[in-house]
Amino acid sequence: MKFPEISKTHLILFFLTIISTLIAGSIMQGGNPLGNPTDIILGIPFSITLMLILGCHEFGHYYYALKHNVDATLPYFLPAPPYLFIIGTFGAFIKIKSPIYKKDALLQIGAAGPIAGFIIAVPALIIGLLLSDVIAINDQYKGIILGDSLLMKIFTSIIFPDLIDGHDILLHPVAFAGWIGLLVTMLNLLPIGQLDGGHIAYAMLGKKQGLVGWITLLTLFPLSFLSLNWLIWGLLILVLMRSAKHPPIHDILTPLSKKNKFIGYLCLLIFILCFIPTPFQI
């Protein structure tokens, strides 16, 4: 397996994203890294955790692309203004530069990212919850309230079994990075277009993926009554991908192996565990 040369663009974006996530993590901890540069060290736990989750997700895709002789770039990390975008990054992506001919390859490349990110996000969330504090809240509480996935509910009920009304968990930055990791995993597993879930659904359902993709996309808009985030994400997906249908691949007739069908169902389970009806409330 030949490892490609790392371009200047990759390095610049990577280091800018480290800086932006460090600043974001410092702000979460009450730091002022612009006024007091040494405060940037406060952002290390959040930055390392989030970069590890995003990096493992993208390198999961990259590894399986190379394994199936599909030409792909190294991950591009995308920095974001930390004072405007709370986590300091828009995420990361790889670019597939050659066709994917077989369904088995399509499914493995699509599934590898969410599974790898999930494997890192889960222990990060558990460790972060163990470091988190319980605080009293009231009607005057100002801040972002994060929604709970099924997995989050399970972990919080185990770690904080005596949590009472009027109190909530103030997430440690490592836990918040883990929560973001589950959110990113869930969004990527939507069976729409060329999202990871779209790749998996097309490999498993063939042309029926188009119908599933459109139904899923249209479902995001009524979900916006629960959280406006769904409307924003739905519009972004529609603008960037232009269609909920996955483009065809060359070999659509060869059936998936039992192993890859299992991987597809595993990704569905991960999606269910990570699904958050109301991700953010302000």
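Exactly one residue out of Asp71, Asp165, Asp139, Asp104 is within 24 Å of Met28 (Cβ to Cβ) and either at pLDDT below 95 or of a type in the set (Phe, Trp, Tyr) (or both), and it is Asp139.
Go through the residues of segment 60-69 one by one and say whether even a single one is buried (at least 16 other Cβ atoms within 10 Å of the Cβ) and within 20 Å of Pro81 (Cβ to Cβ). No, the conditions are met nowhere in segment 60-69.
When segment 223-248 is filtered for residues that are aliphatic (A, V, I, L, M), within 30 Å of Lys102 (Cβ to Cβ) and part of a loop (DSSP other than H, G, I, E, B), only Ala244 remains.
On the stretch given as segment 178-197, residues that are among the β-branched types (Val, Ile, Thr) and within 20 Å of Tyr64 (Cα to Cα) total 2. Residues in segment 55-80 that are under 24 Å from Ala124 (Cβ atoms), part of a loop (DSSP other than H, G, I, E, B) and touching a Ser or Thr at 6+ places or on another chain (Cβ under 7 Å): 1 in all.
The residues in segment 189-222 that are at pLDDT 90 or above, buried (at least 24 other Cβ atoms within 10 Å of the Cβ) and either part of a helix (DSSP H, G or I) or not hydrophobic (A, V, I, L, M, F, W, C) (or both) can be counted, and the count is 9. In segment 250-282, the qualifying residues are those that are among the β-branched types (Val, Ile, Thr) and at pLDDT below 80, and the one that is farthest from Gly147 (Cα to Cα) is Ile252.
Taken together, the residues in segment 28-54 that are buried (at least 18 other Cβ atoms within 10 Å of the Cβ) and outside any loop (DSSP other than H, G, I, E, B) amount to 14.
Among the numbered conditions (1) among the aromatic types (Phe, Trp, Tyr); (2) within 22 Å of Trp233 (Cα to Cα); (3) outside any loop (DSSP other than H, G, I, E, B), the only one that Phe15 does not meet is (2). Can you pull out the residues in segment 212-248 that are in contact (Cβ under 8 Å) with a residue 12 or more places away in the chain and either in contact with a strand residue (DSSP E or B) (Cβ under 8 Å, 6 or more places away or on another chain) or among the small types (Gly, Ala, Ser) (or both)? Answer for segment 212-248, where residues must be in contact (Cβ under 8 Å) with a residue 12 or more places away in the chain and either in contact with a strand residue (DSSP E or B) (Cβ under 8 Å, 6 or more places away or on another chain) or among the small types (Gly, Ala, Ser) (or both): Gly213, Ser227, Asn229, Gly234, Ser243, Ala244.
Scanning for something out of contact with any Gly (no Cβ under 6 Å at 6 or more places or on another chain), under 30 Å from Lys153 (Cβ atoms), modelled with pLDDT under 90 and buried (at least 20 other Cβ atoms within 10 Å of the Cβ), does segment 235-247 turn up at least one residue? For segment 235-247, residues out of contact with any Gly (no Cβ under 6 Å at 6 or more places or on another chain), under 30 Å from Lys153 (Cβ atoms), modelled with pLDDT under 90 and buried (at least 20 other Cβ atoms within 10 Å of the Cβ): present.
Looking at Phe176, Phe155, which is the one that is assigned to a helix (DSSP H, G or I) and touching a strand residue (DSSP E or B) at 6+ places or on another chain (Cβ under 9 Å)? Answer to the check: Phe176.
The values are calculated or read from the model by the stated rules, or taken from the named source; none is laboratory data. Computed from a prediction, not measured in an experiment: that's the story for all the values here. Ideal geometry is used to build each Cβ from the backbone, glycine not excepted, and the neighbour counts take in all protein chains shown.
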